[in-house]
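The values are calculated or read from the model by the stated rules, or taken from the named source; none is laboratory data. Small disclaimer: the values here were computed from a predicted structure and weren't measured. No Cβ is skipped: glycine too gets one built from the backbone with ideal geometry, and neighbour counts run over all protein chains shown.
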Amino acid sequence: MAGQNVITSMLDDLSNEQPISTALCIGQNLEQYGNNQSIQWQYFSVSEFLNLPFSQRYDLGFVLFDTSEMADISKQDKSRLLVKLRDLMAKRIVVVSKLHDEQLLRALGFTQLIDKTAHDSDFALWQFNILTYKHVPDWFNSKFWANPENWNKFRW
C-alpha cells in the first residue's frame with residue numbers, strides 16, 4: 001500500500017486539475033488521507049459496491065487491488081467492478097494494482113501513471129478520466145462536413 005504522503009500529494013494534484021468534492025474508495029478506507037481537503041469519502045467493499053444501485057456520480061473513484069482484502073477477488077469481479085465504476089459511478093478513477101492486471105486495465109481504457117520499469121515493486125498506478133479518454137480528431141468539426149457557404153451553389 002502506498003504511503004500517506006504519496007496519496008495526499010496525488011489527491012492534491014488531482015484536485016488542482018479538477019475539483020474533488022465526493023470520492024469513493026474500494027479496497028481500503030482512505031478517508032484519513034483527505035482530511036486536509038473538503039472531500040466526502042465513501043468506503044465500500046467489493047461485494048457492497050457490486051450490489052450498490054446507482055444513486056450519484058462521484059468525482060473520484062479510488063481502487064486498491066494490492067491490499068490483502070482484494071487478494072482473492074476474481075478477474076471477472078475486477079472487470080465488473082471497474083466497468084461499473086467507469087461507466088456509472090465516477091468521473092475519474094485511480095487504480096493501484098499488481099503488474100499482472102495490466103492487460104485488463106488497458107482493455108478497459110485505463111492509462112498508466114507510473115511506468116512499471118521505473119521501480120522494482122510489484123505495483124502499477126492507473127487512471128481513467130472520462131474528460132481526457134478520447135481526444136476529438138481534427139476532422140470532426142463542421143469545417144469539413146457542413147460547408148454552409150456552398151449551399152445552393154453546387155448540385156451533387
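Cβ contacts < 7 Å: first residue in a helix (DSSP H, G or I), restricted to region 87-108; second residue of a type in the set (Gly, Ala, Ser) and buried (at least 20 other Cβ atoms within 10 Å of the Cβ), any location; separation 6+ or different chain. Result?
Final answer for the pair search is MET89/GLY61; LEU99/ALA124; GLU102/ALA124; LEU105/SER97.
Which of the residues belonging to region 1-23 are in a loop (DSSP other than H, G, I, E, B) and either at pLDDT 80 or above or surrounded by fewer than 11 Cβ atoms within 10 Å (Cβ to Cβ) (or both)?
GLY3, GLN18, PRO19, ILE20, SER21
Which of the numbered conditions does VAL83 fail, given that it passes all the others? Conditions: (1) assigned to a helix (DSSP H, G or I); (2) more than 14 Å from PHE110 (Cβ to Cβ).
VAL83 satisfies every listed condition except (2).
Of everything in region 56-91 that's of a type in the set (Ser, Thr, Tyr) and modelled with pLDDT under 90, which residue is nearest to GLY27 (Cα to Cα)?
Within region 56-91, the subset of a type in the set (Ser, Thr, Tyr) is 58, 67-68, 74, 79.
Going one step further and asking which of them are modelled with pLDDT under 90, we end up with 67-68, 74.
Working: THR67: 6, SER68: 8, SER74: 14 Å.
Among those that are of a type in the set (Ser, Thr, Tyr) and modelled with pLDDT under 90, it is THR67.
Return the residues of region 92-103 that are surrounded by fewer than 21 Cβ atoms within 10 Å (Cβ to Cβ) and at pLDDT 90 or above; say none if nothing qualifies.
Scanning region 92-103 gives a single hit, GLN103.
Name every residue in region 57-87 that is exposed (fewer than 15 other Cβ atoms within 10 Å of the Cβ), of a type in the set (A, V, I, L, M, F, W, C) and within 16 Å of the chain's Cα centre (by Cα), in order of residue number.
VAL83
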